[in-house]
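The values are calculated or read from the model by the stated rules, or taken from the named source; none is laboratory data. Small disclaimer: the values here were computed from a predicted structure and weren't measured. Note that each Cβ is placed from the backbone with ideal geometry, even for glycine, and that neighbours are counted across all protein chains shown. Each accessible area value is taken on the protein alone, full model and side chains, heavy atoms only, with ligands, DNA and RNA left out. Shrake-Rupley method; radii C 1.70, N 1.55, O 1.52, S 1.80 Å.
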Amino acid sequence: MNKRLFWITCFILCLTMTAVAQDREMKYAQLTGIEYTDPGLTNKGIYLNEDFVPGSVVLNSGDVVSGLYLRYNNLTDQLIWLTKEYGQVKLDKLTVTAFYLTLKETSAYFRQMRLPLGDSLPAYYQDLYKGKVTLLVQRKVSHASDYYQNKTHYSVCKPNPQYYLVVGNKTYHPSRPTIKTIYALFPEKKEQIQHLVRTLHLKDRSEAEFTEFIREVEESLVME
Amino acid sequence: MKKQLIHSIVAGVSLIALAFFPAKADPPEKVQVQTDREIYIAGESIYYSIRVLTSDSAASNIGYMLLRNTGQVFNQLYLHMEKGKAYGSFTISDTLKTGYYEIVAFTNFMRNGGEDAYYRKQIIVVNRFDDQLDNLVKQGSDKGESFFVEHKAPLMIRLDKDSLSTREEVRLTVKPATSFFNRYYPVVTVSVKQNILSTAGIPREAVSHENEQYAERSDKSLMYPKEKTGIYLDGYITNGDSVPLSNECLYLSTPDTFANLQYAFSDREGRFRFYVPGYYMGKPLFITAKNHKDDCRIVPDDKFRLRSEFRPIPVEMTHELRKYILESQELVRIRKSYQINSTRSIPFRVPPRIPYVYREASAVIYPSHFTRLNDLKEIAGNIVPDLRIREMNGRYLPFMVDYKTRQYFSEPAVIFIDGVPVHDLNPYRKWSSDEISRIELCKAMRVKGEIAFPGVVAIFSNREKKEPGVKQGETPSSVPEVEFPGALSYPMGTFSEYDLYDPPRYPSKISAPVPDFRQLLYWNPNLELNEGSLPVSFYTSDWPSDYIIEVSGYSLEGEPFRVTSKLTVYE
């Protein structure tokens, strides 16, 4: 009985999706890219999200195209779109200035920018926090190991996120997302920040805690 | 279990209902237009303001206006509106004959209600050299339509002086009552023009009648959607026997220095709809059917071709009216000889939303960097890697190597010539290195929205292109030299600029040598009233006469109002 219920529900949902599909024709027309072959079969850990997730893209025209299934390739800094007709498509980076991914029921926002640090190239950075200061992360990966299985070579990558803190018109690159690193970057404000850390019991054991820490101390960072 | 099954089915059916029937239907729209005057001499400019009235905050942002007589359309304007409002001017051709003309204005969404819902206003245009004015007497039918009765509004016009000399500053204030803002839009139009005593009989706007039943397509969507960010270009495609072709893919593009393309699919009835972004405005467009059936017929919709007739209402040619017209002809002749222009344009930029096919090519080849080669096949074979041109069924088609597999694609690549897709390289076979500026290749399956191309070959010519110098509000009349066989040419007009009436000011009272015989002293279509008095100032011209000051606008229900006052200019 459950099986029959399941198939009927699926059928009805498919009918619904077909009904709304005709309206999407116009809005997808601005998306351009090339057919993409997934190297993820032999390259592990290169995607931020292994499964395609719902998301939307912001184009350089300012238009937002939503209702897409997207995956972000950390290794090549490219956004992949899962299409009905042509499988996976690597979207043109020049066209996509920002995108949203629904990760663990929250919306992660990535935007393409060039940070004023050395000879950095335009890349996608995720906004972790945007208030009086901005905390960004570039979801890089680095090669971790190789192995062979049934004579097939597999390469494994591990996350190597790079954090950036934008305070006013200056950009800082903490080597690690820890409170101590912030002390080192802002030695003149160490006492103030320490006081806040003790008072508010701020921690830096995870990215979420570090983001919370930045949110709480941003006033101190911004103050002259 | 049965209950669960029933609940699932009910939920599913509700979802379908939501998909097919939108939660809220768009309310109807209405357009109102104000012009500076009702009688013009050919060669003058008509200043207008247009507003879309709707109970919905999301009004159309694109409007259309045309000027026609009983036989022909003379001016076609594409209007880009902000928050449902636009203003500007257009010039009446010097060569127009004396007669009754009609200004018609509408939005694409209003087309659902039929042409009876359009805004229409009759004006008189007099040729500068016609002193007989016979056309104004002979034309016209007695079966004209009734016209609006304008209401008053709780608003006062106060003048510092109501009798002034020439080139003297006029100071007036417009003071609305507190109750004004409960019933009327706060933005009004103020005009000061020569008063024609016998204009009481000159008709103003015609009453519009809206169909309650909006036209629908076969899928129950409205025939004509609201245009917010760009224009929709509709049309239909049939085969040689006039049978509609369904699910045909059509392309829209324009010659340019990069490959550009919009696509659309025809529905069951052969109807297609392109979204035309700002980039395409003012450019010659080409529409092609992807599958290039030689006997297919593409017919684009012409919004400016109206089915309804214009039936002018004749005006009694009184002595005062004749005198006014003859004087005006003389004044316009003088203004033309001094080339006096009182219009100031405010440029605006519509987001272009360029429909690229690709942003970066895999390879770019410049034939001028190599020895001169005689034709396209030689060029492809010698200096363009990974490309072969083969003859198939009388057509010359390019085949590209897929960069992933290093094999040729089984289907031919899409060809762009000067940015426009074509089906066959045959017409361009004889192009030598001298005629080709560059060749760009995309060596992958390139996807654009819901279509894909097994490679892209874009050839850009060196041929001098005749850029049609498109003026505001006009459509391009010439096409580039490179031809695109099989493509339908469609000249697209451009958006009219926001024009302001910019009359001269005489703060120093020193007479300028140029005579100032303006009959329109002031025109401001965008005056925003507030709770207090709003000052307005301008200068009189050298033309002594009685002038009428008009403050006009609309109630929240769309009813026009007009409040007037008078001033006299003496010599």
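Working with all protein chains in place, sort B:Trp543, A:Trp81 by solvent-accessible area computed with a 1.4 Å probe, largest first.
Of B:Trp543, A:Trp81, the descending order of accessible area is B:Trp543, A:Trp81.
Where the centroid of each part is defined by its Cα atoms, how far is segment A:100-160 from segment B:71-126 in Å?
The distance from the Cα centre of segment A:100-160 to that of segment B:71-126 comes to 55 Å.
Computed FRET efficiency, Cβ-Cβ of A:Gln194 and A:Thr37, R0 60 Å: what is it to the nearest 0.05?
0.70
If R₀ is 30 angstrom, what is the calculated FRET efficiency for the pair B:Ser533 and B:Glu571, using the beta carbon separation as r and rounding to 0.05?
In this case the efficiency is close to 0.45.
So, in nm, how far is label B:Glu481 from label B:Thr70 when the simple model puts each one 7 Å beyond its Cα toward the Cβ?
Once both label points are built, they end up 4.6 nm from each other.
Can you give me the long-range amide H partners of B:Gly43? Hydrogens built in the peptide plane at 1.01 Å from N, cutoff under 5 Å, separation of 5 or more residues or another chain.
B:Ile92, B:Ser93, B:Asp94
Could you give the nm distance between label points at B:Ala58 and B:Glu378, where each point is 7 Å from its Cα heading toward the beta carbon?
Here the modelled spin labels are 5.8 nm apart.
Just give the residues from segment A:26-62 buried by at least 30 square angstrom of accessible area in the all-chains context relative to the isolated chain, probe 1.4 Å, and say none if nothing qualifies.
In segment A:26-62, residues shielded by partner chains: A:Met26, A:Tyr28, A:Ala29, A:Thr32, A:Gly33, A:Ile34, A:Glu35, A:Thr37, A:Ser61.
Can you work out ³J(HN,Hα) from phi for every residue in segment B:308-314, in order, using Karplus 6.51 cos²θ - 1.76 cosθ + 1.60 and θ = phi - 60°, giving whole Hz and x for Gly and Pro?
Residue by residue, segment B:308-314 yields 7, 8, 9, 10, x, 9, x Hz.
³J(HN,Hα) across segment A:129-144 via Karplus (A = 6.51, B = -1.76, C = 1.60, θ = phi - 60°), whole Hz, x for Gly/Pro?
8, 9, x, 6, 10, 10, 10, 10, 9, 9, 7, 7, 10, 9, 5, 10
Could you run the Karplus curve 6.51 cos²θ - 1.76 cosθ + 1.60 with θ = phi - 60° over segment B:538-552 and give me ³J(HN,Hα) per residue in whole Hz, x for Gly and Pro?
Couplings: 6, 10, 6, 9, 8, 9, x, 5, 8, 10, 10, 9, 10, 10, 10 Hz.
Compute for chains A and B the buried accessible surface, both sides summed, probe 1.4 Å, and express it in Å² to the nearest 100.
3100
I'd like the accessible area for B:Thr35, computed on protein heavy atoms only with a 1.4 Å probe and all protein chains in place. Round to 10 Å², please.
10
Please work out how many pairs of lysine residues in segment A:74-224 are eight or more positions apart (or on different chains) and have Cα atoms closer than 20 angstrom.
Count of close lysine pairs: 19.
Determine which residues of segment A:76-105 fall in the zone a paramagnetic label at A:Arg114 would reach in this model, i.e. backbone nitrogen under 14 Å from the point 7 Å along Cα→Cβ.
A:94
Between B:Lys83 and B:Arg183, what FRET efficiency follows from the Cβ-Cβ distance if R0 is 22 Å, with the result rounded to 0.05?
Computed FRET efficiency for B:Lys83 and B:Arg183 comes out at 0.65.
Dipole of the protein assembly as shown, Cα-centred, from +1 at each Lys and Arg C-beta and -1 at each Asp and Glu C-beta, to the nearest 20 debye?
2100
If amide hydrogens are placed 1.01 Å from N in the peptide plane, which non-local residues have theirs closer than 5 Å to the one on B:Tyr498?
Residues meeting the criterion, in which the H sits 1.01 Å from N, are B:Ile346, B:Phe348.
State the Cα centre-to-centre distance between segment B:338-393 and segment A:73-89 in whole Å.
Segment B:338-393 and segment A:73-89 have Cα centres separated by 28 Å.
Keeping every protein chain present and rolling a 1.4 Å probe, give me the accessible area per residue for segment B:481-550 in Å².
For segment B:481-550, the per-residue accessible area is 43 Å².
Can you compute the equivalent ellipsoid semi-axes for segment A:36-135, i.e. the square root of 5 times each eigenvalue of the Cα gyration tensor, sorted largest first and rounded to whole Å?
22, 16, 14
Which one of A:Leu117, A:Ser142, A:Gln78 has its Cα pushed farthest toward the positive end of the charge dipole of segment A:77-224, where Lys and Arg give +1 and Asp and Glu give -1 at the Cβ?
Ranked along the dipole, the leading option is A:Ser142.
Starting from the Cα gyration tensor of segment B:271-408, take the square roots of the eigenvalues, sort them a ≥ b ≥ c, and report rounded, prolate or oblate (rounded when a/c is under 1.5, otherwise prolate if a/b is larger than b/c, else oblate).
prolate
Leaving ligands and nucleic acids out of the surface, order B:Tyr40, A:Tyr86 by accessible area at 1.4 Å, largest first.
Final ranking, largest accessible area leading: A:Tyr86, B:Tyr40.
When each pair of different Cα atoms in the protein assembly as shown is counted once in the 1/r mean, what is the Kirkwood radius in angstroms, to one decimal?
For the protein assembly as shown, inverting the mean 1/r across all distinct Cα pairs yields 31.7 Å.
Please give the per residue accessible area of segment A:94-199, computed with a probe of 1.4 Å over protein heavy atoms only, in Å².
Normalised by residue count, the accessible surface of segment A:94-199 is 60 Å².
Would you calculate a helix-derived [θ] at 222 nm for the protein assembly as shown, using -39,500 (n - 2.57) for each DSSP H run of n ≥ 4 and dividing by the full residue count, to the nearest 500?
Using -39500 (n - 2.57) per qualifying helix, the result is -4500 deg cm²/dmol.
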